[in-house]
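Heads up: the structure comes next, in structure tokens.
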Amino acid sequence: MTARRLLVATALSVGLCAPADAQTSPIDFTISGSSTVRNWTCSAQGTVAVTPATSGAAVPGFPTGVQGAVVTVPLKAFRCPNDEMTQHLNEAMQSDKFPEIVYRLEKYDLAGGQPQATGTMTITGVSAPVTFPLTLTAAGPGVQVEGNTRVDFAAFKLEPPTVFLGMLKVGPQVRITFKGAIAR
């Protein structure tokens, strides 16, 4: 195993929740997709809670590694191009019953030299595995983290929204993108 692979494999192993000693930072989060009328993007600010490890291999900004990471995004924080789209998003995601999107990192690895995060995303009370590439860059006293992936509505037992008597249909997949500076 190369030193870099060992560094990555041991640096980020995750607990199932963010402990009290987790350091929380804001993170920008977008959901974008397509419809029969136009492409769309809705944005929100969430948080990422990172628990530094007490020992382990270093990652940018975390000299003793990372024990865990949890991303939380309140659904009602999303803003779409217009209020009607925001309302449709909240209805489709059942934000009154399930107020947050939560991603819990379970594994961090290198796949072909590219950092990959693997974890569980929970939307509308349904959890599904989600893996995506990451970009990590040392930034001051922490690390800048960026990632994006596509997820299918069906993985979370959701039907893509339709409006105007079915004339406007949202595509079956959405792209999730996030970016933020994580302090240590």
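The values are calculated or read from the model by the stated rules, or taken from the named source; none is laboratory data. On a predicted model such as this, the values are computed, not experimentally measured, just so you know. All Cβ positions, even for glycine, are placed from backbone atoms using ideal geometry, and neighbour counts span all protein chains on display.
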Item to check | Count of residues meeting criterion [in contact with a Lys or Arg (Cβ under 6 Å, 6 or more places away or on another chain) and either more than 29 Å from Glu91 (Cα to Cα) or not in a strand (DSSP E or B) (or both)] in the stretch 102-134 | outcome: 1
Next on the checklist: Could you list, ordered by first residue, the pairs with Cβ atoms under 7 Å in which the first is in the stretch 15-41 and farther than 21 Å from Gly119 by Cβ and the second is at pLDDT below 75, at least 6 apart or interchain?
Outcome noted: Gly33/Val170; Gly33/Gly171; Ser34/Gly171; Ser35/Leu168; Ser35/Val170; Ser35/Gly171; Thr36/Leu168; Val37/Leu168
Item to check | Answer residue from the stretch 135-148, given it is under 28 Å from Met93 (Cβ atoms) and surrounded by 18 or more Cβ atoms within 10 Å (Cβ to Cβ) and is modelled with the lowest pLDDT among those | outcome: Val145
Checklist entry - Any chance the stretch 48-60 includes a residue that's at pLDDT 90 or above and surrounded by fewer than 16 Cβ atoms within 10 Å (Cβ to Cβ)? => result no
Checklist outcome for this item: If we keep only residues of the stretch 17-34 that are at pLDDT below 75 and either small (Gly, Ala, Ser) or more than 15 Å from the chain's Cα centre (by Cα) (or both), then the residue surrounded by the most Cβ atoms within 10 Å (Cβ to Cβ) is Ala18
